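Below is one structure; the comments refer to it alone.
Each reported figure results from applying straightforward, stated rules to the coordinates on display, with no laboratory input. What you see is a predicted model, and the numbers here were worked out from it, not measured in a lab. A quick note on method: Cβ atoms are made from the backbone with ideal geometry, for glycine too, and the neighbour counts reach across all protein chains shown.
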Amino acid sequence: MHTYIKGELVEITPTQAVIENNGIGYELQISLQTFTEIQSLRDVMLYIHHHLREDVELWYGFASKDERNIFRMLIEVNGIGPNTARMMLSSMSSAEIRTAILTGDVNRIKSIKGIGIKTAQRVIIDLKDKIAKSEDSTPTTILLPDNNSTHLQEALSALVMLGFAKAAADKVLKAVYKENPQYSLEELIKFSLKRL
């Protein structure tokens, strides 16, 4: 089992990172939370989770062990796959997910795209005890510089890669941008996710 990868960050988008290690470029699926922590770095170390299905092999990368632990707990819940777990970690921080589960905040979890009330309840029931026993660790958040049109394009690309229709994502992004043109890339995506 692979635990982490260290290397040079050669490409990054809000949903994917390519890390070169010994002349090989590894493509990792990442959350918005990981993106904000590593996007300005050259050399990185990401904790990894290998997901293998009959039709695809994917690697997921995380800036912290805590985020990977939350991801692994989430995918154990019936009805939550890796993409949904990544969506959850892009919509809320690990600490926010942990708090929502511990406090039984169904509405907070249900506010994430693709999570209905039954799934939100199942997440709380299945993970409350596990979360309570796990070690608490709060990741830091790094904000991006002032927004510009590149951020809009990157945010749209990230939302499309997360499974949203391009037209709908574009409309919501423009509305969010209009409210505050100074939003960081992370904020643009987070606020758009809440409306999609």
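Quick notes
- Length-normalised contact order for the chain - Cα pairs under 8 Å, 6+ apart - percent: 17 percent
- Projected label distance in nm at Lys110 and Glu179, using a 7 Å step from Cα toward the beta-carbon: 2.1 nm
- 11 Å cut-off, amide nitrogen to a point 7 angstrom out along Leu52 Cα→Cβ, residues in region 2-29: 2
- Pairwise Cα inverse-distance average, inverted: Kirkwood Rh of region 4-62 (Å): 11.4 Å
- Separation of alpha-carbon centers, region 30-46 and region 49-78, rounded to whole Å: 16 Å
- Whole-Hz ³J(HN,Hα) from phi, Karplus 6.51 cos²θ - 1.76 cosθ + 1.60, for region 119-126, glycine and proline x: 5, 4, 5, 5, 4, 5, 4, 6
- Set of lysines with alpha-carbon distance to Lys190 below 19 Å, sequence-local pairs under 8 removed: Lys110, Lys113, Lys166, Lys171, Lys174, Lys178
- Shown here for region 1-74: trypsin sites (Lys or Arg not before Pro) in loop regions (DSSP other than H, G, I, E, B) with at most 10 other Cβ atoms within 10 Å, namely Arg42, Arg53.
- Using distinct alpha-carbon pairs, which all enter the 1/r mean, Kirkwood radius of the chain in Å: 17.2 Å
- Its DSSP H runs of at least 4 residues, each contributing -39,500 (n - 2.57), put the calculated 222 nm mean residue ellipticity of the chain at -15000 deg cm²/dmol, to the nearest 500.
- Annotation for region 1-70: GluC sites (Glu not before Pro) lying in DSSP loop with at most 12 further Cβ atoms inside 10 Å of their Cβ are Glu54.
- Theoretical FRET efficiency, 1/(1+(r/R0)^6), r = Cβ-Cβ of Leu196 and Asn22, R0 41 Å, to 0.05: 0.55
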